[in-house]
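Structure first, then comments.
The values are calculated or read from the model by the stated rules, or taken from the named source; none is laboratory data. Quantities reported herein were computed from a predicted structural model and do not represent experimental measurements. Using ideal geometry, Cβ is built from the backbone for each residue, glycine included, and neighbour counts are taken over all protein chains shown.
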Amino acid sequence: MHTYEKKGRYIIDFEDIPSKRAEMPEIAVEDRKGNFKEVETGFAEDVAVAEAKRCLSCRRCLGCALCWAECKPEAVNFDLPDKDVDLYVDKIILTSGMECKMARISGNIDNKHMNVVTDLQVERMLADTGPSNGLILRPQDGEIPRRIAFVQTLGTVGDKIRAATLIFGINEAIIARRRMDDVEISLISPNMEAFKTSLETGLDKVSGISFISGTVSAVAEVGDSRDIEVTYEVDGSEKLETFGLVVLLTQPQLPPYIADAAKQLGVEVDYSSFLGNQGGMVERDRAGIMLAQDL
């Protein structure tokens with residue numbers, strides 16, 4: 001190791017960088033049984049010194065210029081000024097991104113009860129790499145609920161967004177039934193009948209899943225079991241059902257940066273503008289501006 005000057009800066013030259021990271025020595029597996037011995041024994045002095053010499057910085061830029069000194073191709077240039085670059089392209093493609101917002105139910109603020117979750121949380125549970133190995137579990141006790149309600153709240157969204165949200169919830173319900181065939185699932189939405197008509201498919205024939213056209217007014221926790229009572233209205237009549245778990249369907253919205261980009265490009269969009277044939281492209285009134293379709 002020696003010190004040299006480069007453009008008025010004195011730089012420590014570590015000639016052994018990069019070098020292979022030293023492996024931490026550990027006691028044997030059989031020596032770990034039945035005791036509380038430290039598994040990692042630590043570096044010997046010479047190994048610790050060699051390991052310390054590998055370090056270029058604390059990974060925050062302190063202006064030490066070691067990266068500049070060690071870069072043989074001279075790719076680091078501190079004197080390079082910032083500048084704006086004009087790019088000329090044939091097309092600009094906007095994607096929807098996704099930020100899910102959950103509409104509130106009267107009498108209940110979001111998912112304040114432990115056994116009221118969102119569809120995004122259930123999506124994570126159903127994933128093979130998720131925390132529950134692909135099963136839906138109640139957060140309160142870790143048990144598989146025997147009855148699950150997927151609830152779509154009113155909110156202030158259009159029919160296309162409401163339909164997209166319902167499709168997401170139905171897909172989750174079908175996956176849940178395949179993995180837990182003794183679970184009863186209800187999907188409650190104020191526009192369920194119109195939605196089923198628009199799909200032109202036999203949703204009512206899906207085993208173990210009920211599709212209810214109702215408007216939810218409240219969810220509440222009951223008893224020591226912490227089951228959830230759902231109050232909803234069907235054809236002017238109020239109904240009350242108890243479920244082991246309630247899943248609130250979230251409503252997708254455009255992230256602010258996507259909305260800002262669209263505004264700068266002079267096009268008016270909302271999340272429903274991106275709904276259509278998955279993988280397709282829709283050209284806006286302004287030439288060269290395309291929207292990537294989600295559904």
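Worth pointing out:
- Here LEU154 meets each of (1) at pLDDT 85 or above; (2) surrounded by fewer than 17 Cβ atoms within 10 Å (Cβ to Cβ) with one exception, condition (1).
- On the stretch given as segment 202-250, residues that are assigned to a loop (DSSP other than H, G, I, E, B) and either more than 16 Å from GLU172 (Cα to Cα) or among the basic types (Lys, Arg) (or both) total 9.
- Identity of the residue in segment 222-270, among the basic types (Lys, Arg) and under 30 Å from ASP141 (Cβ atoms), that ends up surrounded by the fewest Cβ atoms within 10 Å (Cβ to Cβ): LYS239
- Of all residues in segment 251-274, those being aliphatic (A, V, I, L, M), in a loop (DSSP other than H, G, I, E, B) and within 26 Å of the chain's Cα centre (by Cα) number 2.
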